[in-house]
1. Return one number: the angle in degrees, 0 to 90 and rounded to the nearest 10, between the long axis of the Cα atoms of helix 45-65 and the longest principal axis of the Cα atoms of the chain.
2. Can you give me the C-alpha center-to-center distance between the range 85-104 and the range 51-69, rounded to a whole angstrom?
3. Could you put 115, 36 in order, starting from the residue whose Cβ has the fewest other Cβ atoms within 10 Å?
4. If you take all C-alpha pairs in the chain, what percent of them are over 28 Å apart?
5. Between residue 132 and residue 113, what length comes free when the chain is fully extended (0.36 nm per residue of separation minus the Cα-Cα distance, one decimal in nm)?
6. Considering Cα pairs under 8 angstrom that are at least six residues apart, work out the relative contact order of the chain and quote it in whole percent.
7. Would you calculate, for the chain, the mean residue ellipticity at 222 nm contributed by helices, counting each DSSP H stretch of 4 or more residues as -39,500 (n - 2.57) and dividing by all residues, to the nearest 500?
8. Rounded to whole Å and sorted largest first, list the principal axis extents of the Cα atoms in the range 50-89.
């Protein structure tokens, strides 16, 4: 059940990024860190699509590690990839100590508020969930 819920969350996040890659504007400003009221960077269509693909691969990895999908990958490889994903998500939650994460210095922007309230806690919750799935993987 946990693996399924995590895979769904990753798939939904991938769909949001596909929407943005296809030119959707809703929510875009809240999805990019800001410095002095301006986006810290402007993600390209290709970069946004790459993030969507990476998130979709995360959904597949969690589904495989959780035994929901069989791809014929060695279980040890799947398990360690899931542990690596959990670590990456934990590092994202902690942040870069500047623009993202629990310990960011730039605060007060729309992104910073959303990051503190939703994005970083979500990354932490996903990290814990993926760790549990990896720990219990066969």
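FYI, it's all coordinate maths here, none of it is from the lab. Because the structure is a prediction, the values reported are computed rather than measured. Glycine also receives a Cβ, built like all others from the backbone with ideal geometry; neighbour counts cover every protein chain displayed.
1. Roughly 30 degrees, rounded to the nearest 10.
2. Measuring centre to centre over Cα atoms gives 21 Å.
3. Details: 115 26, 36 7.
Sorted ascending by nearby Cβ count, the order is 36, 115.
4. Numbers: 1926 of 9453 pairs.
Cα-Cα pairs of the chain separated by over 28 Å account for 20 percent.
5. Values: separation 19, 0.36 × 19 = 6.84 nm, distance 2.83 nm.
4.0 nm is the gain from fully extending residue 132 to residue 113.
6. Numbers: 191 pairs, mean separation 41.0, N = 138.
Result for the chain is 30 percent.
7. On the way: 5 runs with 83 residues, N = 138.
Helices in the chain give a 222 nm mean residue ellipticity of -20000 deg cm²/dmol.
8. Sorted from largest, the Cα extents of the range 50-89 read 25, 19, 13 Å.
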